[in-house]
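What follows is a set of notes on a single structure, which appears directly below.
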Amino acid sequence: MAETGRVGNESYDERSLGELVRQLSEQSSRLASMEIELAKAELARKGRQLGIGAGALGVAGVLGLFAFGALTAALILALAEAVNAWLAALIVAAVYAAATGVLALLGKQRVEEATPPTPDRAISSSKDDVEAAKRSAKEARA
């Protein structure tokens, strides 16, 4: 049975340790459940936002591709004022091909520098830490 009383100006409950542990367990379970529900709601909201954002980016990519095609046609037509239309198209295509080659080489170089994707400095630092710990252990035994 719980006894209540007052000490000075403070009231207190004397409950058994088992009852307090049970209450703590119930409250912890309830809190964990509430946190899980909050996380679910937050993830659902963020998932909807992510879907809308990804859709907008997809549409933007398609529209950007259309704009690039229109720009290409405008370049060809502008250049066709100075040279034959077939030559204007060939010149624009050659410029695009050159830009593509440069970007592909740059991208390949960056990918090679980044592969394999391992944290080399962190691994090296960890190995150094392990070696230092081994040395310290040996010195402590000696």
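The values are calculated or read from the model by the stated rules, or taken from the named source; none is laboratory data. Bear in mind that the values here come from a model prediction, so they are computed numbers and not experimental data. No Cβ is skipped: glycine too gets one built from the backbone with ideal geometry, and neighbour counts run over all protein chains shown.
Just a few scattered comments:
- Residue in segment 84-92 that is in a loop (DSSP other than H, G, I, E, B) and surrounded by 10 or more Cβ atoms within 10 Å (Cβ to Cβ) present: yes
- Test: residue in segment 118-134 that is out of contact with any Pro (no Cβ under 6 Å at 6 or more places or on another chain), of a type in the set (S, T, Y) and at pLDDT 95 or above: no
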